[in-house]
């Protein structure tokens, strides 16, 4: 971690092929740790996704919106992201500082893949990183007239053995909870009805054990 700017910004190559959580045909993906009290990052949808055809997804703690950019708008975002490679020190761990504990992960998939992990408030980016701070700030608060609610067809389920304060609910899915502890699984949206989704976790009791369960909205062609 850099003490000059204070926490994490990493630039690395992303391995070829889709991995869990990757979105097919993505040009740009921003993930942000949720700030809602009691939230769990394992269930949070991506904060921003731009696909090759200009479709975008904008996520909050639980809900996701989708829209489509004009060609020039999509190209502008893509060029700004690609230009980040030229910033001085982009390969060194850097943080923006400030009171915000947020962790941001920006991935650029054009040409040589780039990954940037940052902490802190992008508005406090120093002059050499102003372009990065401006892009992150814009994507974190992205608005577009085409955005409409997105209804996922499935959710990625994450389970870990832990205890939340308060009561718990029964496990209602068709496969054993032990399987979800070791294998990446998804569940149809209909089966997730009535469960908290996104970054808000559920407490589950099975026999004498307690579990924390999150259901992350899956985007089209995204693996759980």
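General observations
- One residue stands out among those in region 205-224 that are in contact with a strand residue (DSSP E or B) (Cβ under 6 Å, 6 or more places away or on another chain) and not in a strand (DSSP E or B): the one that is modelled with the lowest pLDDT, which is 224.
- Filter result for the condition that a residue is buried (at least 20 other Cβ atoms within 10 Å of the Cβ) and within 24 Å of residue 27 (Cβ to Cβ), over 201, 149, 217: 217
- Hits in region 57-92 (condition: in a loop (DSSP other than H, G, I, E, B) and modelled with pLDDT under 95): 60, 61, 62, 63, 87, 88, 89, 90, 91, 92
- Only one of 192, 131, 125 that is surrounded by 19 or more Cβ atoms within 10 Å (Cβ to Cβ) and in contact with a helix residue (DSSP H, G or I) (Cβ under 9 Å, 6 or more places away or on another chain): 125
- Selection within region 158-171: residues that are within 15 Å of residue 195 (Cβ to Cβ) and surrounded by fewer than 12 Cβ atoms within 10 Å (Cβ to Cβ). The member of this set that is modelled with the lowest pLDDT is 167.
- Residue check for residue 137: under 23 Å from the mean Cα position of the chain (by Cα), farther than 16 Å from residue 59 by Cβ and touching a residue at least 12 places away in the same chain (Cβ under 8 Å): yes
- Set 152, 145: member being at pLDDT 95 or above, under 23 Å from residue 194 (Cβ atoms) and out of contact with any helix residue (DSSP H, G or I) (no Cβ under 8 Å at 6 or more places or on another chain): 152
- Verdict on residue 116 being surrounded by 21 or more Cβ atoms within 10 Å (Cβ to Cβ) and either over 30 Å from residue 89 (Cβ atoms) or touching a strand residue (DSSP E or B) at 6+ places or on another chain (Cβ under 6 Å) (or both): yes
- Taking region 93-204 and the strands (runs of 3 or more DSSP E) fully enclosed by it, the elements with 1 or more residues that are over 30 Å from residue 73 (Cβ atoms) are at 154-161, 185-188.
- Here residue 35 fulfils each of the conditions (1) at pLDDT 85 or above; (2) out of contact with any strand residue (DSSP E or B) (no Cβ under 9 Å at 6 or more places or on another chain) apart from (1).
- Of 170, 162, 190, 199, all but one fail to be more than 22 Å from residue 68 (Cα to Cα) and without any contact (Cβ under 8 Å) to a residue 24 or more places away in the chain; the exception is 190.
The values are calculated or read from the model by the stated rules, or taken from the named source; none is laboratory data. As the structure is a computational prediction, the values presented were derived from the model and not from experiment. Heads up, the Cβs are rebuilt from the backbone with ideal geometry, glycines too, and the neighbour counts pull from every protein chain shown.
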